[in-house]
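Worksheet: the structure to be examined is printed underneath.
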Amino acid sequence: MRKRITAALTAFCLVLCLGASALALEPLGQPVQGMDVSAWQGEIDFEQVRAWGIRTVYIRAAVGQGRQDKDWRANYRKAKAAGLKVGLYHYVTARSQDQAQEQAEFFAGLMEGLDMDCRPAMDFESFGDMSKEQINQAALAYLTRLERLCGGKPAVYSNSWTAAHVFDQRLADYPLWIAEYGPDQPREGGPWKAWAGFQYTSQGRVQGIQGNVDLDRFTPAMDWENAATTPQPEEQTVLVQSGDTLWAISRKYGVSVEQIVQQNGIRNPNLIYPGQRLQIPSKSQKTGYTVQPGDTLWAISREYGVSMERIVQQNGIRNPNLIYPGQQLQIPS
């Protein structure tokens, strides 16, 4: 009897081990050695870092809204000069969809004009008292906003527990940079079935850095050249939700209020109602824009995918810092 019980337990353990192995995520291509750094690492000698074997480095650019990491721009320049692939990540502190979009806009602004090798990454891991649904809504708002502004899909940084038990299928369209310390491969990723980046220790030691540093493996899926956004349909249908305004909808989809009004034959732009279906015209139909309260030329240029300089030249604007609500702008194609 004891032998039969022992054999049964052995078989049961074997099944569990095989099951755990089957759950392990696979890499999205051949990984290279990488690391990620923040202000905690202090002075970094990136020439020595490369000589040690690091090929890709992710640098924290900011925390939340308006707080930039100390020396991140200097680290970016030094890492590029040393021949490393460079990506930036943003520690997100949003507690709502609106805050998430604002923080995405802030991060996109920091990357303006930089030559990025890797996808920007969202590090959203502190949630306060948010519900699971609120967390996913905020994360999706951040990612879609950043994708629209940057023209490519960002990556999602997450520990394995959050990836498996908090983040849901709506985020799985974005590559996963997963953190799990101990195993050779991350063991579970919820809606993700493979990893683009794998942070496997926070206790790494690298020549050129004093103290510990996070070590990672990064696959080609983290490269910016593989981040191109899938083209959207020519037109989209939007179901108006409670609290929506035409201005907010126009900003979300990167078209003007006038275009939505014309497309849908709306008589009173201030009167839309929950449950109303609106056709959103394609971006290629954009010809003009009416400046809304709070607009800046930089934000408009990012929405329409053209430079501030071209908008300034197209409209004969003398002071790019001075635009006003109601002003009509022609957006160059």
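The values are calculated or read from the model by the stated rules, or taken from the named source; none is laboratory data. Quick caveat, the model's predicted, so the values are computed rather than measured. No Cβ is skipped: glycine too gets one built from the backbone with ideal geometry, and neighbour counts run over all protein chains shown. The accessibility values were calculated without ligands, DNA or RNA, using every heavy atom of the protein model including side chains. Shrake-Rupley method; radii C 1.70, N 1.55, O 1.52, S 1.80 Å.
List of remarks:
- Positions within the range 199-225 being under 25 Å from Lys78 (Cβ atoms) and of a type in the set (A, V, I, L, M, F, W, C), in sequence order: Val206, Ile209, Val213, Leu215, Phe218, Met222, Trp224
- Out of Gln101, Gln97, Gln41, sole residue that is modelled with pLDDT under 95, buried (at least 18 other Cβ atoms within 10 Å of the Cβ) and not aromatic (Phe, Trp, Tyr): Gln101
- Scope the range 148-187; condition among the charged types (D, E, K, R), within 28 Å of Ala299 (Cβ to Cβ) and in contact (Cβ under 8 Å) with a residue 60 or more places away in the chain; matching residues: Arg148, Lys153
- The range 277-300, residues that are modelled with pLDDT of 80 or more, assigned to a helix (DSSP H, G or I) and open to solvent by 50 Å² or more (accessible area, probe 1.4 Å): Trp298
- Subset of the range 213-252 that is open to solvent by less than 10 Å² (accessible area, probe 1.4 Å) and assigned to a loop (DSSP other than H, G, I, E, B) - its residue that is modelled with the highest pLDDT: Thr219
- Per-region count, the range 41-87, residues over 22 Å from the mean Cα position of the chain (by Cα), touching a residue at least 24 places away in the same chain (Cβ under 8 Å) and not in a strand (DSSP E or B): 16
- Residues satisfying the stated conditions in the range 301-333, i.e. modelled with pLDDT of 80 or more, open to solvent by less than 20 Å² (accessible area, probe 1.4 Å) and either in contact with a Leu (Cβ under 8 Å, 6 or more places away or on another chain) or closer than 16 Å to Gly151 by Cβ (or both): Ile311
- Number of the condition not met by Glu112 [criteria: (1) in contact with a helix residue (DSSP H, G or I) (Cβ under 8 Å, 6 or more places away or on another chain); (2) closer than 23 Å to Asp173 by Cα; (3) not aromatic (Phe, Trp, Tyr)]: (2)
- Residue match in the range 165-175 (condition: in a helix (DSSP H, G or I), at pLDDT below 95 and basic (Lys, Arg)): yes
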